[in-house]
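Here's the structure, in structure tokens; my notes come after.
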Amino acid sequence: MKLDKKIITIDGPSASGKGVLSSSLANHLNFSLLDSGLLYRAYAYCYESSLDHELALKSFESINFVNASNKYSVNHDGNEITKQLRSESMAKIASKISMMPETRKNLISIQRSFKNDNGLIADGRDMGTVVFPEAAYKIFLTADPETRAKRRFLELQKKGQEVNMRDLIKDIEARDKADTERSLSPLIPASDASIIDTSILDPDQVLSRAIELVC
């Protein structure tokens, strides 16, 4: 398989720092960005109203992703739903339906359509293993559950959402277990991925390490 140097995948569990690194690295390299987590949440939003994959896919056609400096806002039928998609409840729904074969089948071609000649940063859980195995540069971020829960707590608190630290840790551990043990596209590093533990690193330090790996 010929490796594509214009694709960089960044995988890892929730709150490991994928989103911040992906956006920062995309801006640094002037690459476009695929936020696959947001894509799955948008699909979950469409699926939730019908519980039917065919109808969800049809509804998904009305989703519009607006990219401003690699920060996305999302509209559906003219209504902005970004805040709703970023909620913890929608994250749980997206995590649940991501285990369904129909979901993965419906979204993989959409994800691959983000590939372009200028360069792509693909942020997700199976970007390097399933969606873009041809990527020349693959990064896998990790961090301990407590650190990730603190990050998620602060993120949700800034958005004005009611959160409980103990519940967040339980949710993260449960999501990790589901993601790593599922038979379909499990959350694992690609065999040729570089692993970065972000537990004691700030975003600038993580970005510096990533730049060293891909430049």
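Every read-out reported here was derived from the displayed coordinates using simple, explicitly stated rules and does not represent laboratory data. All values reported here derive from a predicted model rather than from experimental measurement. All Cβ positions, even for glycine, are placed from backbone atoms using ideal geometry, and neighbour counts span all protein chains on display.
Nearest 5 percent is fine: what portion of the DSSP beta bridges confined to the stretch 4-214 is antiparallel? The answer is about 30 percent antiparallel. Model label sites at N30 and S194, defined 7 Å from Cα along the beta-carbon direction, differ in position by 2.2 nm. Annotation for S49 and S113: the two label points, set 7 Å from Cα along the Cα-Cβ direction, are 1.9 nm apart.
Descending by average beta-carbon neighbour count within 10 Å, the peptides 197-203, 67-73 line up as 197-203, 67-73, the highest first. The sum of -39500 (n - 2.57) across all DSSP H runs of n ≥ 4, divided by the residue count of the chain, sets its helix-only mean residue ellipticity at 222 nm to -14500 deg cm²/dmol.
Dividing the Cα radius of gyration of the stretch 4-214 by 2.2 N^0.38 Å, with N the residue count, gives 0.97.
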